[in-house]
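S.K.: Take this structure, written in structure tokens, and hold onto it; I'll ask about it next.
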Amino acid sequence: MKYSQHMERRLQVLEKHLDEENPILLDVVKSFRQLDRVAHKMGFISPDESYATHVSWWPLVSILGTFSAGKSSFINSYLGVKLQQTGNQAVDDKFTVVSYSPDQKPRTIPGRALDADPRFPFFHISHDIEEVESGEGDRIDAYLQLKTAPSEALRGRIIIDSPGFDADQQRTATLRITDRMIDLSDLVLVFFDARHPEPGAMKDTLQHLVSEARQRHDSNKFLYILNQIDVTAREDNPEEVVAAWQRALSQQGLTTGRFFRIYNPEVAFPIENEALKERFERKRNEDMGEIQGRIEQLDIERAYRIVGMLTHTARAIQERWAPKLKLLGKEWRHKVLVTDAVLAGVAVVLLLILSLQQGWWNGMALALPFEWSVPLLGGVALVSMASHFGVRRWMAERIIKRLRSEGGESPSSEVEGMVSAFTRNTRPWFSIFHPFPVGWNLFSRKKITQVLLDADQYIQSLNDRFTDPSGKKSDEAE
């Protein structure tokens, strides 16, 4: 199965970029193409999709957080450019993609530029928005914008600032964009506001930003930041504010990992107690140093993360999706055949009653009149076929409904991929007695195995590029 025209163009643009920047990752794209071929045949993804587009090929930092948590102030401080508006109220209700430009004057460009350019995140996000909210896909400029800045901190990476997050009030389309942003990101900074020390009132928001995130295979890319911590210096026990947030996060399952505490010195609350001031500044500098260090490491982490995504997807097909699809097919066949048998039994009883009423029996022998034989047998055949295919469809719809209701913590794309593949296996022209999922054969298994072997080789190549355990490179350089 071939890619759609726009997906093939998107992959070609990506390959051209990587051919100049990183040949190792260019080979990884080829492995993603092999993975796509298997997934296309099995029905997990459509020709409009590629697993290569489920990951960002440019280092990407996303900024999430509650209203007035200081996200924009952090971005301005990090860039050294006053790019984002700041304030105590919600000052921007759009997702803002921030990219480098040599122009000294920052610029704001409509969201349509992001939707139409495969080099940026959110390529064709209008399609996703249209799926969840009809008519909203044409209003892409109401959801996205692109800003450029001449900041050296942006060279080679992209930052995305999000609107203030409130799970209770977010629109479906906004949540869809948020999920896409998280999926593509190398690093996700989640900000909370220390000035509002009532985390218990944010249960739904915490669940979306913390509980759901920790279930991901890439959960280590989330950093949780308590911003504007300087205001707690007014408290008799400032550590209690931090403890309250830590308890709230632990209730959502975050029992490990770092919890950072920072503030902006330029607008900080004056701390008169010198010892307390020194302690706050030391902690702030340590945490800011770690955050900035993680951002600076993205060039290296990105390559490993992309190969990790390749491995994760290949193993998911091999170890989870294909076996689950096989079990669903077995369940569907069993239910269809049992229902067919029951309906056939009912049909036999009805025919027996009819034959007795018409007097077609001569002792123990059935003497069916000729004028009845053709229409009766033909009608039975047609009704049996219609009944069989009706049962197939009915049982398939019941299983699909259950799949969607049981989706739970699985990403929506994974659930819909399973639904699509299962639907493909229940099409009328596929035999009900076929024991294996459509497209899952010896050839497909070999492709998956080869992708996993290639992924290991990519990791070794990256290790050779970034490490030198033997010290030989250092000796040669000297």
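S.K.: Scan region 112-127 and give yes if some residue there is open to solvent by less than 30 Å² (accessible area, probe 1.4 Å), closer than 24 Å to GLY65 by Cα and out of contact with any Leu (no Cβ under 8 Å at 6 or more places or on another chain), otherwise no.
M.R.: Yes; the residues of region 112-127 include at least one that is open to solvent by less than 30 Å² (accessible area, probe 1.4 Å), closer than 24 Å to GLY65 by Cα and out of contact with any Leu (no Cβ under 8 Å at 6 or more places or on another chain).
S.K.: For ALA322, work out the one condition from (1) open to solvent by less than 30 Å² (accessible area, probe 1.4 Å); (2) within 30 Å of LEU60 (Cβ to Cβ) it doesn't fulfil.
M.R.: Condition (2) is where ALA322 drops out.
S.K.: Could I ask something else about it? Filter region 133-179 down to the residues that are acidic (Asp, Glu), at pLDDT 75 or above and exposed (fewer than 14 other Cβ atoms within 10 Å of the Cβ) and list them by number.
M.R.: Within region 133-179, ASP138, GLU152 meet the criteria.
S.K.: Could you give every pair whose Cβ atoms fall below 8 Å, whose first residue belongs to region 138-160 and is under 12 Å from LEU114 (Cα atoms) and without any contact (Cβ under 8 Å) to a residue 24 or more places away in the chain, and whose second residue is of a type in the set (Asp, Glu) and open to solvent by 10 Å² or more (accessible area, probe 1.4 Å), counting only separations of at least 6 or pairs across chains?
M.R.: Note: no pairs meet the criteria.
S.K.: Checking GLU21 against (1) in contact with a helix residue (DSSP H, G or I) (Cβ under 8 Å, 6 or more places away or on another chain); (2) open to solvent by 60 Å² or more (accessible area, probe 1.4 Å); (3) without any contact (Cβ under 8 Å) to a residue 40 or more places away in the chain; (4) of a type outside the set (A, V, I, L, M): exactly one of these is not met. Which one?
M.R.: The failed condition is (1).
S.K.: Follow-up question, since we're still on this one. Can you name the condition, by its number, that ASP128 falls short on among (1) closer than 12 Å to ILE177 by Cβ; (2) in contact with a strand residue (DSSP E or B) (Cβ under 6 Å, 6 or more places away or on another chain); (3) charged (D, E, K, R)?
M.R.: Condition not satisfied by ASP128: (2).
S.K.: A follow-up question, please. Determine which member of the set VAL338, VAL348 is open to solvent by 80 Å² or more (accessible area, probe 1.4 Å) and either in contact with a strand residue (DSSP E or B) (Cβ under 6 Å, 6 or more places away or on another chain) or farther than 20 Å from LEU452 by Cβ (or both).
M.R.: From the options VAL338, VAL348, the qualifying one is VAL348.
S.K.: Yes or no: LYS283 touching a strand residue (DSSP E or B) at 6+ places or on another chain (Cβ under 7 Å), in a helix (DSSP H, G or I) and either aromatic (Phe, Trp, Tyr) or at pLDDT 85 or above (or both)?
M.R.: yes
S.K.: Output yes when any residue across region 414-431 is surrounded by 13 or more Cβ atoms within 10 Å (Cβ to Cβ), hydroxyl-bearing (Ser, Thr, Tyr) and closer than 26 Å to ILE182 by Cα, and no when none is.
M.R.: Within region 414-431 (the criterion being surrounded by 13 or more Cβ atoms within 10 Å (Cβ to Cβ), hydroxyl-bearing (Ser, Thr, Tyr) and closer than 26 Å to ILE182 by Cα), the answer is yes, since at least one residue qualifies.
The values are calculated or read from the model by the stated rules, or taken from the named source; none is laboratory data. What you are looking at is a predicted structure, and each value in this text was computed from that prediction instead of being measured. Heads up, the Cβs are rebuilt from the backbone with ideal geometry, glycines too, and the neighbour counts pull from every protein chain shown. The accessibility values were calculated without ligands, DNA or RNA, using every heavy atom of the protein model including side chains. Shrake-Rupley method; radii C 1.70, N 1.55, O 1.52, S 1.80 Å.
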